[in-house]
Amino acid sequence: MSDDSSGRKNLRMPDDNQVFGVVTEHLGGNHVRVRCADGETRLGRIPGRMKYRTWINEDDVVILEPWDWQDEKGNIEWRYDEQDAEQLRREGHID
């Protein structure tokens with residue numbers, strides 16, 4: 001990678017059916033409220049594979065995949081750490 005000096009990493013980006021989101025509220029259990037980049041606020045479900053390995057807190061930047069059958073809900077697919085989230089903000093992917 002030639003741009004090591006800037007500290008820029010190639011971060012995972014959302015697929016076509018996924019959106020960036022910021023966790024606004026922890027609702028207990030494996031549910032969080034997520035403000036998505038498309039302007040929607042959705043109920044995010046933390047899947048079992050992430051539940052115990054990846055702690056998700058308020059203000060975390062995540063990738064959410066809305067459900068086909070219920071657009072106001074979705075699964076959390078990825079959580080960015082603080083540095084990666086900062087890079088996404090700098091590059092204008094999220095506010």
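Structure data summary
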| read-out | value |
| --- | --- |
| Mean projected area (nm²) of the alpha-carbon convex hull when the chain is viewed from all directions | 6.6 nm² |
| Surface share of carbon and sulfur [accessible, 1.4 angstrom probe, percent] for the chain | 43 percent |
| 1.4 Å probe accessible area per residue over the chain, in Å² | 63 Å² |
| Positive dipole terminus of the chain, leading residue within Gln87, Gly28, Trp69 (C-beta point charges) | Gly28 |
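The values are calculated or read from the model by the stated rules, or taken from the named source; none is laboratory data. Treat the numbers as computed from the prediction; the structure is a model and nothing was measured. Every residue, glycine as well, gets a Cβ built from its backbone with ideal geometry; the counts of neighbours run over all protein chains shown. Calculation scope for accessible area: heavy atoms of the full protein, side chains included, ligands and nucleic acids excluded. Shrake-Rupley method; radii C 1.70, N 1.55, O 1.52, S 1.80 Å.
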